[in-house]
Amino acid sequence: MVKDLARKIFKEIKKFDTIVIARHIGPDPDAIASQIALRDAIKKTFPMKKVLAVGMGVAKFKKYGLLDKSDFTEISDALLILVDVPNMERVDGIEGLNYKKIIKIDHHPSSDKFAQIDLVDETASSTCEIISELIFNTKLVLDKDIASNLFLGIASDSDRFRIKCTTLKTFEIVANLIKKTNLDFVPLYEILYERPLNEIKFHAYLSEELKASENGFAYVKISSDIIKKYKVDTATASNMVNDFNYIKDIYVWSFITYDEKNGLYKVNIRSRGPVINEIASKYNGGGHKFASGVRTTKEEDIDNLLKDLDEECHKYKENLNEEK
């Protein structure tokens, strides 16, 4: 399936003079890395094409490469490629774009149908894993810089190959990236995990404030004052949520950050067993079975979401006890 879809996508890329690549709002390393890697692969294959990676920039991701200015006044009939985003509502940076066709490349469960070509693999560790397959199965250029971004996205979204989405294919793809480009991947972990001292102190705050229920649900609410105190941004907590895996007797955990500027609660949810994406979808969120998120302006949504997650942990714990 991937080979056939990869060839279809490559044919569409060949047809269009202008290609815009977008991803979800509030990007993580996989979103940024897949977007920039695909842009660079297309540009190096077809130097005469105009290829833009758009969306709001994030300072901590500058080492992945710079995004392009999204002035669409002179663009018409573009090919729009969406990566790492399941629905149009979460796409960042395409306001005012005149596009003719949409291609979606993603590993999230599909929530609606809006693309003419869907290369979606829910079993993949990351969108970067799928982009790697796209490159391997077409004539798109792969060099060391592109491979570096693809490795970063895969390593990040798989939490260094530790979570359930990691498969034999994931390791085969990473091995191919290393082999084809002679990639020295060890130094890349510094890009992913080096943090300033204020973020280390913020991490300690999260550990100290983590509240856990007897059902195995844990959460932290992070106010705008705390964000200011530790001199971090609202995305910092979401980049730390995977660090709280493997806490004994905790099945689901969540970080709730309040973005005062936009009046928005940003919720990151992770699970070691209970399915959480169906609960997240009740509050206009979504994601994977064990890694989901919610964005809402309503504080009552947060209270209800936390209750639902705690109840899901209660059911999960009861089932575990019955199986013993």
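The values are calculated or read from the model by the stated rules, or taken from the named source; none is laboratory data. Keep in mind that this is a model prediction, so the values were computed, not measured. When we count neighbours, we look across all protein chains shown, and the Cβ atoms used for this are built from the backbone with ideal geometry, even at glycine.
List of remarks:
- So Asp233, is it of a type in the set (Asp, Glu), touching a Leu at 6+ places or on another chain (Cβ under 9 Å) and surrounded by fewer than 22 Cβ atoms within 10 Å (Cβ to Cβ): no
- Any hit, the range 207-224, residues being surrounded by 18 or more Cβ atoms within 10 Å (Cβ to Cβ), in a strand (DSSP E or B) and not hydrophobic (A, V, I, L, M, F, W, C): yes
- The residues of the range 231-243 that are assigned to a loop (DSSP other than H, G, I, E, B) and among the β-branched types (Val, Ile, Thr), listed by number, are Val232, Thr234, Thr236.
- Condition broken by Ser223, with the remaining ones in (1) touching a Phe, Trp or Tyr at 6+ places or on another chain (Cβ under 7 Å); (2) more than 24 Å from Lys307 (Cβ to Cβ) satisfied: (2)
- Among the residues of the range 190-206, just one is under 16 Å from Asp159 (Cβ atoms) and modelled with pLDDT of 95 or more, namely His203.
- Residues in the range 9-33 that are within 17 Å of Phe72 (Cβ to Cβ) and in contact (Cβ under 8 Å) with a residue 60 or more places away in the chain: Phe16, Thr18, Ile19, Val20, Ile21, Ala22, Arg23.
- Top-ranked residue in the range 268-280 [being polar (S, T, N, Q) and more than 28 Å from Lys228 (Cβ to Cβ); ranked as surrounded by the most Cβ atoms within 10 Å (Cβ to Cβ)]: Ser271
- Within the range 34-53, residues that are over 23 Å from His107 (Cβ atoms) reach partners that are among the hydroxyl-bearing types (Ser, Thr, Tyr) and surrounded by fewer than 24 Cβ atoms within 10 Å (Cβ to Cβ) with beta carbons closer than 6 Å, at six or more positions or on different chains, in the pairs Lys50/Thr18.
- Residue match in the range 310-320 (condition: in the same structural domain as Arg270 (by TED's automatic domain parsing) and part of a loop (DSSP other than H, G, I, E, B)): no
- Matching option when the condition is within 25 Å of the chain's Cα centre (by Cα), outside any helix (DSSP H, G or I) and either at positive phi or surrounded by fewer than 18 Cβ atoms within 10 Å (Cβ to Cβ) (or both), among Tyr265, Tyr258, Tyr283, Tyr246: Tyr246
- Exclusive hit being modelled with pLDDT under 90, farther than 21 Å from Glu199 by Cα and not aliphatic (A, V, I, L, M), set Lys289, Lys307: Lys289
- Filtering Ser254, Ser281, Ser238 for residues that are of a type in the set (Ser, Thr, Tyr) and in contact with an Asp or Glu (Cβ under 8 Å, 6 or more places away or on another chain) leaves a single hit, Ser238.
- Cβ-Cβ distances below 7 Å connect the following pairs, each with a first residue in the range 88-109 that is at positive phi and assigned by TED's automatic domain parsing to the domain that holds Gly26, a second residue that is part of a loop (DSSP other than H, G, I, E, B) and surrounded by fewer than 21 Cβ atoms within 10 Å (Cβ to Cβ), and a separation of six or more residues or different chains: Gly93/Met56; Gly93/Ser70; Gly96/Phe72.
- Helices (runs of 4 or more DSSP H) enclosed by the range 139-196 - at least 3 residues per element that are free of Cβ contacts under 8 Å to residues at least 24 places away in the same chain and either at negative phi or assigned by TED's automatic domain parsing to the domain that holds Ala59 (or both): 168-181
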